[in-house]
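All remarks here apply to the structure that follows.
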Amino acid sequence: MKAIKLREADAMKEKLVSINPGNLSKVGEVDITTKEELAEIVRRAKQAQLGWEALGFHGRRPFFNSLAAYLLDNWQEIAKSISLENGKPYLEATLAEVYPVIDDIKYFAKRAQRLLSDAKIPIRLFKFIGKKSYMTYRPVGVVGIISPWNYPYLIPFSEVIMAMVAGNAVILKPSELTPLTGGKIQEAMDAAGFPRDVFSVIYGDGRTGAELVKAGLSKIIFTGSVATGKKIMAAAAESLTPVVLELGGKDPMVVLKDADLDMAARGAVWAAFMNSGQTCASVERVYVDESIRSEFTELVVGHTMKLRHGDRLDDHSTDVGAMIDERQLAIVESHVADAVSKGAKVLTGGKRPEALKGYFYQPTVLDTVDHRMKIMTEETFGPCLPIMGFRTEEEAVRLANDSRYALTASVWSKDIGRATSIARQIVAGTVAINDHAMTYGIPETPWGGSKESGFGRTHSTIGLMEMVEPVHIHVDRGWLRRKPWWYPYGDSTSRFVRAIIWLTRHLGFLID
Ligand code: TXE
């Protein structure tokens, strides 16, 4: 089978055709943004940003209130359209796409002013000579957001909100596989009455994304593959455009022997198979204490076999929907084949369901796996749950950290202290205890990773800080009209130097 999403040229304009991955029917199409149109959009965004910034938090807040109201009125229709284009069940589109956006709007619109308010910097003894320092935060300008297809509404929209509450204009390029969902974001912003040109969506594939990176924006926020992240960073280096990169993961789940096994098994099944496993923070590998491995595995297989897999996305009777396209499906098949060829056992699933027409792969549980296999080392990004045993907690930590990715992880135990001590040893941006992946839905908490999972953060105060330029303002009230470190250098400078060295040695002079 060949990927169906492709550029179709008509006489006037190149188009992106959007396909429903559940039944391969056409959902719609959009015009690809040309270079000339992009240049004009950037020019207008830079102009519009000035007025948007000048409104201040107070002036911007009503637009976000209208946006939240629009989403609360239209969430069902929006979720339905997301599931049609992306293949995820409707309920997942409400829970993991539309609702968290509403929560992000409410949270950031209300708190951003406080989170980004001027902050005094204590400067110890310098204050006694009439000085003070504080931080102030300015929007960076125009932010470019390049987003993937797996959470085509939530990922870009949450970043749009953070950028725009801070006073930036935004140009969004959604994935070429989910352009209509990008259009839904534009629709919501227009309905909420945001000023013209402070937010724009551009359409196209990687070539359009590459144009955006070169377009002279103030910052690029990218979510997608490692390979593309590296290209974006290299291209952005040309103009020293700062980037935030969220590049996926190979998340480990560590199950200790005192864990609530049924809870851990249900958690593993949800976190591995939601969105058909196409989540950067999916559980991609499980390490379980050898003494409970067979009991845990049996529970996981049992819960997996009860999942309803299918394309009835809108009637609440499907747990696991379609994958995005043929290319993604082929990656999953190749990882499973590689694992099986090296000795892995497929306990359930392991193939495409014959009865379904779209891009489906059965929820799959494997054991007898190890780190020679791609399924334990490369991002599978599909509905696979490989389970491996460990004998000591040191071994569990070593296995969890044996990865080029470090996005999120989880540790499962009834002993929170013990789980926490393991969590502190795992290299990841987030380590959850007794849950997995869902913290993307908590706006107060930061999201992002290290190693090949990228760098920088979105969400939380740290994520908001990515959207601003921190400016340090320093005030001298003029109490000392001639500073002892100024010219001319001479005996008085020398006495000053000796005095501060003596005071620091004997009295801890500069320490408050
Ligand atoms: O991502 P790409 P793809 C992983 C997952 C998946 C793999 C490939 O493992 O199998 O990435 O997915 C735009 N300059 N994740 O190919 O290509 C592109 O148009 C600027 C993890 O779909 O990285 C799209 O909008 N932009 C992940 C976006 O980048 C460019 C989510 C992502 O596309 C560009 C998705 C360029 N040179 C996939 N080339 C996560 N972190 O959650 C492409 N784009």
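The values are calculated or read from the model by the stated rules, or taken from the named source; none is laboratory data. The structure displayed is predicted, hence computed values, not measured ones. Neighbour counts run over all protein chains shown; Cβ positions are idealised from the backbone, glycine included. Accessible surface areas use protein heavy atoms only, side chains included; no ligands, DNA or RNA. Shrake-Rupley method; radii C 1.70, N 1.55, O 1.52, S 1.80 Å.
Tabulated data for the structure shown
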item: Total charge dipole magnitude, the chain, about the Cα centre, Cβ charges on Lys, Arg, Asp, Glu only, Debye to nearest 20; result: 2480 debye
item: Most to least accessible of Glu77, Glu393 (protein chains only, probe 1.4 Å); result: Glu77, Glu393
item: Accessible-area composition of the range 15-78, carbon plus sulfur, in percent [1.4 Å probe]; result: 55 percent
item: For the range 251-444: relative contact order, % (alpha-carbon pairs under 8 angstrom, 6 or more apart); result: 28 percent
item: If the convex hull is drawn through the Cα atoms of the range 179-296, its volume per residue in Å³; result: 161 Å³
item: At q = 0.10 Å⁻¹, base-10 log of I(q)/I(0) for the chain (Debye sum, equal scatterers on each alpha carbon); result: -0.82
item: Computed [θ] at 222 nm, deg cm²/dmol, the chain (DSSP H ≥ 4; -39,500 (n - 2.57); rounded to nearest 500); result: -12500 deg cm²/dmol
item: Rg and Dmax [Cα atoms of the range 251-444; Å; Rg one decimal, Dmax integer]; result: 15.7, 48
item: Solvent-accessible area of Tyr70 with every protein chain in place, 1.4 Å probe, in Å² to the nearest 10; result: 40 Å²
item: FRET efficiency for Leu72 and Glu444, using Cβ-Cβ distance with R0 set to 25 Å, rounded to 0.05; result: 0.75
item: All Cα pairs of the range 354-460, percent lying beyond 21 Å; result: 45 percent
item: Dipole of the range 361-512 [Lys/Arg +1, Asp/Glu -1 at C-beta], most positive-end residue of Ile422, Thr493, Ala437; result: Thr493
item: Nearby lysines by direct alpha-carbon distance to Lys257 (threshold 16 angstrom, same-chain neighbours under 8 apart not counted); result: Lys414
item: For the range 367-416, accessible area per residue (1.4 Å probe, heavy atoms of protein chains only), Å²; result: 38 Å²
item: Rounded to the nearest 10 Å², the accessible area of Lys230 at probe 1.4 Å; result: 120 Å²
item: Amide N proximity, the range 372-407 versus Glu298 label position 7 Å along Cα-to-Cβ, cut-off under 20 Å; result: 386-390
item: The chain: DSSP helices with Cα axial extent of at least 20 Å and average Kyte-Doolittle hydropathy no lower than -0.5; result: 56-86, 99-115, 326-341, 491-507
item: Under 30 Å from the Cα of Lys127 - lysines, other chains or at least 8 residues apart; result: Lys483
item: Given charges at beta-carbon only (K, R positive; D, E negative), |dipole| of the range 251-444 in Debye; result: 300 debye
item: Cross-link partners of Lys214 among aspartates and glutamates (Cα-Cα below 17 Å; sequence separation of 8 or more within a chain); result: Glu36, Glu37, Glu40, Asp205, Glu238
item: Cα gyration tensor, the range 306-386 - rounded (a/c under 1.5), prolate or oblate; result: prolate
item: Environment charge at Asn65 (Cβ cut-off 12 Å; Lys +1, Arg +1, Asp -1, Glu -1); result: +4
item: Rg over Rh [alpha-carbon atoms, Kirkwood Rh] for the range 1-157; result: 1.11
item: Near-label residues of the range 368-401 by backbone N, under 11 Å of a point 7 Å along Cα→Cβ of Leu356; result: 383
item: Accessible-area order (highest first, 1.4 angstrom probe) of the listed residues Lys342, Lys357; result: Lys357, Lys342
item: Where labels lie 7 Å past Cα in the beta-carbon direction, separation of Glu326 and Leu24 in nm; result: 0.8 nm
item: Other-chain or far-sequence residues with amide H under 5 Å of Glu469's (modelled H); result: Arg138, Val140
item: Semi-axes of the equivalent ellipsoid for the range 65-193, Cα gyration tensor, largest first, Å; result: 37, 15, 12
item: Per-residue SASA entry for Ile462, accessible area with 1.4 Å probe, Å² rounded to 10; result: 90 Å²
item: Using a Förster distance of 60 Å, the FRET efficiency for Ser133-Arg372 (Cβ separation, nearest 0.05); result: 0.65
item: Members of Lys173/Lys357; Lys110/Lys219; Lys306/Lys451; Lys88/Lys357; Lys46/Lys120 lying beyond 27 Å, as alpha-carbon distances in this model show; result: Lys173/Lys357; Lys306/Lys451; Lys46/Lys120
